[in-house]
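Colleague: Structure below; questions to follow.
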Amino acid sequence: MTHTSRPFSLLPILVLVALAGTTIAAAPPPTSRLVTFPNPGPDVLADMAGHGWDIWEVTPDRVTALLTPDQVATLQMQQVAVNVLDNAPQYMVNFPACFRTFDAAVTQMRDWAERYPGLVELIDAGPSWQTAQGQADRRLWTLRITNKANVEPKPQLLLVALHHAREIVTPEVALNLAELLLTSYGHDADITWLVDNRDIWIIPFVNPDGHLYAEYSVDWRKNANNSQSTCATSSPPNSFGVDLNRNYDHKWATVGASSNPCNLTYRGRAAFSEPETQAIRDLVQNQKFNLVISLHSFSDLIMYPWGYTYAPAPDDIGLRNIASVLATFNGYTPEQSSDLYPTSGDTCDWAYGVQGIPCFTVEIGSGAVDNYFWPDCATAHEQWLENRDALLHAIKLASAPYRLAAAPLVRDLQVRQRGRFMTVHTVLDRQATSPEPPAGGEVFVDRIGIPGTGILLTPDDQTLDTPVESMSATVDLSGVQGRHVVYVAGIDDSGRHGPPAAAYFEPCPDVTGDAVINVIDVMELAARWHTQAGDLDYDAALDLDGDGLIDVQDIGQMSAFWGLVCAGSLP
Ligand SMILES: [Zn+2]
């Protein structure tokens, strides 16, 4: 994580700060209270959201919200048991020093573009609202990550973060993912394969104006558009702006979004009225994204369309499969967006409903224990780590999301060597989407061939009868030198490959299990001197050249590795 210094120390709550010509209050307003109350059901919640209530978290039993005194009174008048968490705010609106400011992140993105010119391009997807007004220079900087040397068209994934300004962990996660892809290229076989075979677009800050408010420890959700009203006397005060995640053009202005510019869920005066959502729209229309992920916080959820209706989407099973598979990596709950309460005009309803792209909203973080929208440095790092493999897997799925999500995934890939043989151990897992066992799996070296042409994996318990199976295969390394890649792919019910996993290996013919090639290995070999295939004490692993005879050729091969320390030899 990059450490950046902020230009000013934390401003005390309620101090008015002037940002780019706009006066806003450092939130929270003193009279608002963080409360919980029993979940009144999605229809009532949609109505509350439609009136701009600041709903933070919805569980089946309970709603957490930051409410004004009027809103609290409304609930109490209806005999709702409101639990005020404290007289003082329970949370701290705090922009941690270890989080990147927008400016620091842009500097870092430029630096990556310079340092990894073959892998990443920095693209300006469009201006923020203040930028479009000539008040600032903040753009929706977009990292396009792919191995440019592979020029054929690749499946595309779009990852967007920070529609909502206070969800400050989301750009951190997006930036960490970008950094991981770039710095691991050539060092991690799995990530190298992704960068070689995918076209990954990452927009860490969809709402850079709002992020600036967050950097000043302001509890801010919307963009900075104050052209309708500055909302100076609204409750809460100064709550201007458009909720960018209610501004997309699919069933816009139907449910769970407000028509009042001072409400937190203000949908804008028209669909795509805001430069930020226009930028996303134009990018999606000009590319061919196969999968879209939108990062939000918090609630530990992976949500899929629809948001505007309780009705299932046409691809409901496929969408749920993808969400369920991603959830196996981060432990979040997969559910339809409207399960919380219906909302309209969000990124995913538009991406799926209008563009036909499977799209997922990931709500990062656990709420109170993670300090709501403002996790500290250590918590933010945990939130990144818990989402890392889910996001990498999403990139993998991009070539055929619906089909690949239903195929067995490959996890816990390990390679171990003894002498001439490498054993590939892995787990094929399809339990997120099916109670059936995987159809099989196979191993390839250096290049993934067509299904049926690899080295077959066999189940360690001899029977392929459960949705999660430990599998192994043996690869003959005679004649192989230098670093190579082993790929493993499961096989789905239609006989096609699932998403692959990859690992680097380098032949290292240790035979004694001490992970170093030395005189003991030679003695082991000498003990089998001139035995041949079929002999009782012939050990094929020691027959390094695989010619069926243990002799001076094998000693010669072993000597070539003299002194080498192996990674991953069998004990
Ligand atoms: Zn959000």
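Colleague: For Pro42, what is the net charge nearby, where nearby means another residue's Cβ is under 12 Å from its Cβ and Lys, Arg count +1, Asp, Glu -1?
Modeller: With Lys, Arg at +1 and Asp, Glu at -1, the neighbours total -4.
Colleague: Sequence-distant or interchain residues sharing an amide H contact under 5 Å with Val516, placed H: which?
Modeller: Cys566
Colleague: To continue, here is another question. Can you give me the long-range amide H partners of Ser258? Hydrogens built in the peptide plane at 1.01 Å from N, cutoff under 5 Å, separation of 5 or more residues or another chain.
Modeller: Thr265, Tyr266, Arg267
Colleague: Continuing with the same structure: Please find the FRET efficiency linking Ser470 to Asn94, where r is the Cβ-Cβ separation and R0 is fixed at 41 Å, and quote it to the nearest 0.05.
Modeller: Computed FRET efficiency for Ser470 and Asn94 comes out at 0.35.
Colleague: So, one more: Quick one: accessible area per residue over the range 408-505, 1.4 Å probe, rounded to a whole number of Å²?
Modeller: Spelled out: the 1.4 Å probe surface of the range 408-505, per residue, equals 44 Å².
Colleague: Explain nothing, just the number: relative contact order of the chain, from Cα pairs under 8 Å at least 6 residues apart, as a whole percent.
Modeller: This gives 12 percent for the chain.
Colleague: With θ set to phi - 60°, apply the Karplus curve 6.51 cos²θ - 1.76 cosθ + 1.60 along the range 198-213 and write out the HN-Hα couplings as whole Hz, x wherever there is a Gly or Pro.
Modeller: Karplus-based 3J(HN,Hα) across the range 198-213 equals 10, 10, 10, 10, 10, 10, x, 10, 6, 10, x, 4, x, 4, 4, 4 Hz.
Colleague: Each residue of the range 139-147 in order: what ³J(HN,Hα) in whole Hz does its phi give by Karplus 6.51 cos²θ - 1.76 cosθ + 1.60, θ = phi - 60°, with x for Gly and Pro?
Modeller: 10, 7, 5, 10, 8, 10, 10, 6, 6
Colleague: Run the helix sum for the chain: -39,500 (n - 2.57) per DSSP H stretch of 4+ residues, divided by residue count, reported at 222 nm to the nearest 500 deg cm²/dmol.
Modeller: -7500 deg cm²/dmol
Colleague: Which distance in nm do the two modelled labels at Asn39 and Lys288 give, with both placed 7 Å along the Cα-to-Cβ direction?
Modeller: Spacing of the two 7 Å Cα→Cβ label points: 4.1 nm.
Colleague: State the percentage of accessible surface on the range 408-505 attributable to carbon and sulfur atoms; use a 1.4 Å probe and exclude ligands, DNA and RNA.
Modeller: C and S atoms contribute 49 percent here.
Colleague: Taking 0.36 nm per intervening residue step and subtracting the Cα-Cα distance, what contour gain separates His530 from Gln414 on full extension?
Modeller: Difference between extended and current length: 38.5 nm.
Colleague: Treat each spin label as a single point 7 Å out from the Cα along the C-beta direction, and report the Leu85 to His381 distance in nm.
Modeller: 2.5 nm
Colleague: So, how do all the Cα-to-Cα distances of the chain break down into 10 Å bins, in percent, from 0 on up?
Modeller: All Cα pairs considered, the percentages come to 4, 16, 24, 22, 14, 9, 6, 3, 1, 0.
Colleague: If the only charges are +1 at each Lys and Arg Cβ and -1 at each Asp and Glu Cβ, what is the size of the charge dipole of the chain around the Cα centre, to the nearest 20 debye?
Modeller: Dipole of the chain, to the nearest 20 debye: 2200 debye.
Colleague: Ordered by residue, what ³J(HN,Hα) values in Hz, to whole numbers, does the range 374-385 give under the Karplus form 6.51 cos²θ - 1.76 cosθ + 1.60, where θ = phi - 60° and Gly and Pro are x?
Modeller: 10, x, 6, 4, 5, 5, 4, 5, 4, 5, 5, 4
Colleague: What is the local net charge at Asp547, summed over the other residues whose Cβ is closer than 11 Å to its Cβ (Lys, Arg +1; Asp, Glu -1)?
Modeller: Net charge around Asp547: -3.
Colleague: Past 23 Å, Cα to Cα: identify those pairs from Lys251/Lys396; Lys154/Lys251; Lys222/Lys288; Lys148/Lys288; Lys222/Lys251, in the order given.
Modeller: Lys251/Lys396; Lys154/Lys251; Lys222/Lys288
Colleague: Would you calculate the convex hull of the Cα atoms in the range 408-505 and tell me its volume per residue in Å³?
Modeller: Residue-normalised Cα hull volume stands at 86 Å³.
Colleague: Next up: Name the long-range amide H neighbours of Gly441: under 5 Å, sequence gap of 5 or more, or other chain; modelled H, no Pro or chain starts.
Modeller: Leu457, Ile491
The values are calculated or read from the model by the stated rules, or taken from the named source; none is laboratory data. Quantities reported herein were computed from a predicted structural model and do not represent experimental measurements. For neighbour counting, all protein chains shown are included, and Cβ atoms are generated from backbone atoms with ideal geometry for every residue, glycine included. The area values use the complete protein model at the heavy-atom level, side chains included, leaving out ligands, DNA and RNA. Shrake-Rupley method; radii C 1.70, N 1.55, O 1.52, S 1.80 Å.
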